[in-house]
Amino acid sequence: MPKPSRPADLVVGFDLDMTLIDTAPGFRDVLTALGSELGVELPVVELTAKLGPPLDLLLGPYVEADRMAAAIDRFRALYPSYAVAGTPALGGAREALAAVADRGGRILVVTGKFARNARLHLDHLELVADHLEGEVWGIGKASVLQREGASIYVGDHIHDVEGALAAGVTSVSVLTGGCTRAELVDAGTHVVLESLHEFPDWLEDHLAAQPR
């Protein structure tokens, strides 16, 4: 069966943590190890309830400013040992990526995660992206989406919505992270899906409605 014919300029961006992959358990393990090394009791469950914000914001209330850079470096060094091998792809992630690729589209992964560790996840799970951009968050994602010509950005957090809206692209939100439907709608997202299982059908309908 021939693949559906779609414009060559279809570009879809995806967040990583809690959108494509379930990093919460591994993230908690890294935070626990880091807190032990620093002698700081970190509220790991609370800190991983809504993954997305950069480490300096997450750790800010618990780590002194003059120790922050070293703490972030240490977190990133610990991360591959604690958080890669056991982290699964979320349900529907592979199908969502395939839905873009099968239509001749480009796949972006645009994430606040340290790019080297994000790459480890993609490689371990064999999730194929045409472009990976790390260490960008919230509105900061907009410049990447615009530069790469994206028309859709998929995320789980209200700050993913901020980035999509700032870029002028369609914001698609999934409920696999810590943000509720009401929070995402209030943030201005255009679409809320229960999970990426719903994304292929949504994409087909969305593209069919676009002018040719």
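Bear in mind that the values in this text are calculations on the coordinates, not laboratory data. As the structure is a computational prediction, the values presented were derived from the model and not from experiment. With ideal geometry, Cβ positions are generated from the backbone for all residues, glycine too; neighbour counts draw on all protein chains shown.
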Can you give the angle from 0 to 90° between the axis of helix 199-208 and the longest principal axis of the chain, with both taken from C-alpha atoms, to the nearest 10?
40 degrees
In degrees, nearest 10, range 0 to 90: what is the angle between the Cα axis of helix 24-38 and the longest Cα principal axis of the chain?
20 degrees
From phi via Karplus (6.51, -1.76, 1.60), per-residue ³J(HN,Hα) for the range 179-196 in Hz, x at Gly/Pro:
8, 7, 4, 4, 5, 5, 5, 4, 6, x, 4, 7, 9, 10, 10, 4, 7, 5
Under a 5 Å amide H to amide H cut-off, with H placed in plane at 1.01 Å, what residues pair with residue 21 once short-range neighbours are removed?
90
Helix-only [θ] at 222 nm, the chain, -39500 (n - 2.57) per DSSP H run of 4+, per residue, nearest 500, equals -13500 deg cm²/dmol
How much length is gained if the chain between residue 85 and residue 36 is pulled fully straight, taking 0.36 nm per residue apart and subtracting their Cα-Cα distance, in nm to one decimal?
15.5 nm
What dipole magnitude, in Debye to the nearest 20, does the chain give about its Cα centre under +1 on Lys/Arg Cβ and -1 on Asp/Glu Cβ?
500 debye
